[in-house]
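We did not get these values from a lab; they are worked out from the coordinates using the rules stated. Only a predicted model underlies this, so the values are computations on that prediction, with no experimental measurement involved. Counting neighbours? That spans all protein chains shown, and the Cβs are built from the backbone with ideal geometry, glycine included.
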Amino acid sequence: MMRRLLGTALLGIALPLAAQQPPKLEPLPEPPPPPPGLALDPALEPQVTITRRGEDKVEEYRVNGKLYAMKVTPPHGVPYFLIDVTGDGSMIRRDSLDSGLRVPQWVIHSF
């Protein structure tokens, strides 16, 4: 008797849940165009050059022809980065790009 009552109760709960229809979905609208005056300059995209120096694979990252970072991948070992932090051409070695606190730096004006 108790099993029959429990089975009926579970069936009474499960049937309405199974009969529910999913909501009718509408497609997302197209994203708006970029604001006028904001033209994406392809010269601002980084150019990546991959070369070999000995057995090391070297990836050079440049913007407007200026080298700002290099990733060196030795055949045996962990890759490391050489980054031009100050913009004067002197490279600083970093074992990873996410190594501690980095203060945002922007070039305001260059001569």
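Calculated over region 42-94, the projected area of the Cα convex hull averaged across directions stands at 3.9 nm².
Straightening the chain between residue 26 and residue 56 buys 5.6 nm, computed as 0.36 nm per residue apart minus the Cα-Cα spacing. Ordered by the count of other Cβ atoms within 10 Å of each Cβ, fewest first, 2, 91, 70 give 2, 91, 70. For the pair residue 107 and residue 4 in one chain, pulling the backbone fully straight at 0.36 nm per residue adds 29.4 nm over the alpha carbon distance.
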